[in-house]
Amino acid sequence: MALRAVRSVRAAVGSLCAISAPSAGCSPRPWGLRAGAVRALRTGPALLSVRKFTEKHEWVKTENSVGTVGISNFAQEALGDVVYCSLPEVGTKLNKQEEFGALESVKAASELYSPLSGKVTEINKALAENPGLVNKSCYEDG
Amino acid sequence: MQRAGSVVSRLGSRLQALPSAPCRSLSCAQDVLHRTPLYDFHLAHGGKMVAFAGWSLPVQYRDTHVNSHLHTRQHCSLFDVSHMLQTKIFGCDRVKLMESLVVGDIAELKPNQDKVRELQNKGSDVALEVMDNALLALQGPTAAQVLQAGVADDLRKLPFMTSAVMEVFGVSGCRVTRCGYTGEDGVEISVPAAEAIRLAAALLKNPEVKLAGLAARDSLRLEAGLCLYGNDIDEHTTPVEGSLSWTLGKRRRAAMDFPGASVIVPQLKSKAQRRRVGLTCDGAPVRAQSPILSPEGTVIGAVTSGCPSPCLKKNVAMGYVPYEYSRPGTPLLVEVRRKQQPAVVSKMPFVPTNYYILK
């Protein structure tokens, strides 16, 4: 659908879906845009950099065919203190909705799902030393 | 906030999959949760309530999980553990009843009642009564000091695993036991239900004390190497496999007069079975059901509990491995999300305990 969607994805952090116990599952959230909204993203210089949200509480912002991914404020609050970020290696090719990592709190792990297809060009290295940035600054530094 | 509540209730349903009181849990309807005498108190203090083993309990309050955990180790925290019901046992054969039960944890009520009836039918003098009491746990290095201000008894004379009845902050008829499930010094106070809120409020007046919920309780007990029934031990584990042989009294081992003795006592001398061990590792946190592998990559066991340790800033876990891999220092692998990472068998407790033991 998306013609040349976003060609590369800069993964900062990602989505919220609790996975650590058999009973957990991903239920759709009451707010956040449908996946279709993400598909509507076209690349192009005239496009303003707008933050789009997925069902799983991730956001993605694209600029010059590079997308930046993070999680929403609601997600970081629900997750609690992030103590570890499991992120993919630079160069990894991702498909939309593919699991690419996880955010861990003391209590549980939440998997990250790519909102776009593309190749990882950069990961937020600051999160290795300071995973709490996801909580403190989920739209900028985390 | 409504949405936060719906996420937290999913956390609650995760917790419910891991009951620590196996008998009185999922048999009741999902929407009918038992409430402890402190239910309204929890709500008034910002408690986020979740379903746990058929009870509505706070998973945390306004503090973050990590802050609540660390506060317990540095100051003290107050937990409502009233879901662990208390039973009074009467009759001159009450010791016989106790000894006929599983060694160690005797919290289940149903088996007790069957056993009571069985003994009564044989002419024994014994009866049970569930007490209308709440149970408050005050845990942490300053717990004793906080409590001392409200009791006349000298708490220096109440060592670990001893108990006394006393008036606490004006509430009479409280039983104070020097025990807990966090690895810290502390007490569990059995208080008549009608006075539970009054006592909790009195304890909370001391700025040392903060309320803590199930989230902190779980990470604290894990750091202390304590088992969560349903995860680390269950009906399929023996005390020997669970590395809990110390619970079997010397006389009882010789007499072999407890359920399962014919299986358990021979295991004491054998090295044939699996063992519960502690594991530490860096990298991604290790959680229940993660496979444990030998250094060569063969699956040899599974993790039963795990979390990132707020105190140690490493990942800690418990799991079962064959006896030959159970020595502390043994290098192993754990698989997390299809990736293998190195782990080391470690002695427990992971964080040193501070039980008040008189020398």
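The values are calculated or read from the model by the stated rules, or taken from the named source; none is laboratory data. From a predicted model like this one, the values you see are computed outputs, not experimental measurements. Virtual Cβ from ideal backbone geometry, glycine too; neighbours counted across all protein chains shown.
Is region A:83-92 home to any residue that is part of a strand (DSSP E or B), surrounded by fewer than 22 Cβ atoms within 10 Å (Cβ to Cβ), more than 9 Å from every other protein chain (Cβ to nearest Cβ) and among the β-branched types (Val, Ile, Thr)? Before you say what the answer is, go through the steps one by one.
Taking region A:83-92 first, the residues part of a strand (DSSP E or B) are A:84-86.
In the following step, the residues that additionally are surrounded by fewer than 22 Cβ atoms within 10 Å (Cβ to Cβ) were identified as A:84, A:86.
Narrowing further to those that are more than 9 Å from every other protein chain (Cβ to nearest Cβ): none.
No, region A:83-92 contains no residue that is part of a strand (DSSP E or B), surrounded by fewer than 22 Cβ atoms within 10 Å (Cβ to Cβ), more than 9 Å from every other protein chain (Cβ to nearest Cβ) and among the β-branched types (Val, Ile, Thr).
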Counted residues in region A:106-134 being touching a residue at least 40 places away in the same chain (Cβ under 8 Å), assigned to a helix (DSSP H, G or I) and surrounded by fewer than 19 Cβ atoms within 10 Å (Cβ to Cβ) come to 1
When B:His236 is run through (1) crowded, with 20+ Cβ neighbours inside 10 Å; (2) not in a helix (DSSP H, G or I), the failure sits at (1)
Restricted to region A:52-82 and to residues being surrounded by fewer than 21 Cβ atoms within 10 Å (Cβ to Cβ) and assigned to a helix (DSSP H, G or I), the residue farthest from the other protein chains (Cβ to nearest Cβ) is A:Asn73
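Among the candidates B:Thr280, B:Thr247, B:Thr304, which residue alone is among the polar types (S, T, N, Q) and within 14 Å of chain A (Cβ to nearest Cβ)?
Values: B:Thr280 fails: within 14 Å of chain A (Cβ to nearest Cβ); B:Thr247 fails: within 14 Å of chain A (Cβ to nearest Cβ).
One residue alone meets the criteria, B:Thr304.
Tell me the residue from B:Ala144, B:Ala216, B:Ala201 that is at pLDDT 95 or above, surrounded by 22 or more Cβ atoms within 10 Å (Cβ to Cβ) and not in a loop (DSSP other than H, G, I, E, B), please. Spell out the reasoning first.
Details: B:Ala144 fails: surrounded by 22 or more Cβ atoms within 10 Å (Cβ to Cβ); B:Ala201 fails: surrounded by 22 or more Cβ atoms within 10 Å (Cβ to Cβ).
Answer to the selection: B:Ala216.
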(1) within 22 Å of B:Leu211 (Cβ to Cβ); (2) outside any loop (DSSP other than H, G, I, E, B); (3) modelled with pLDDT under 95; (4) more than 14 Å from chain A (Cβ to nearest Cβ) all hold for B:Leu78 apart from (3)
Taking region B:43-54 and keeping only residues that are surrounded by fewer than 19 Cβ atoms within 10 Å (Cβ to Cβ) and within 14 Å of B:Phe79 (Cβ to Cβ), one is left with B:His45
Of the residues in region B:55-65, those that are surrounded by 21 or more Cβ atoms within 10 Å (Cβ to Cβ), of a type outside the set (A, V, I, L, M) and away from chain A (no Cβ under 12 Å) number 2
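In this structure, is B:Leu222 within 14 Å of chain A (Cβ to nearest Cβ) and modelled with pLDDT of 95 or more?
On the way: within 14 Å of chain A (Cβ to nearest Cβ): yes; modelled with pLDDT of 95 or more: yes.
Yes.
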task: Scan region B:284-303 and give yes if some residue there is within 21 Å of the chain's Cα centre (by Cα), crowded, with 23+ Cβ neighbours inside 10 Å and touching a residue at least 60 places away in the same chain (Cβ under 8 Å), otherwise no.
output: no
For B:Asn231, the lone unmet condition from (1) in contact with a Lys or Arg (Cβ under 8 Å, 6 or more places away or on another chain); (2) closer than 19 Å to B:His69 by Cβ is (1)
Legend entry - B:Gly249 in contact with a Ser or Thr (Cβ under 9 Å, 6 or more places away or on another chain) and small (Gly, Ala, Ser): no
Exactly one of B:Glu188, B:Glu184, B:Glu129 is in contact with a strand residue (DSSP E or B) (Cβ under 7 Å, 6 or more places away or on another chain), outside any strand (DSSP E or B) and acidic (Asp, Glu), and that one is B:Glu184
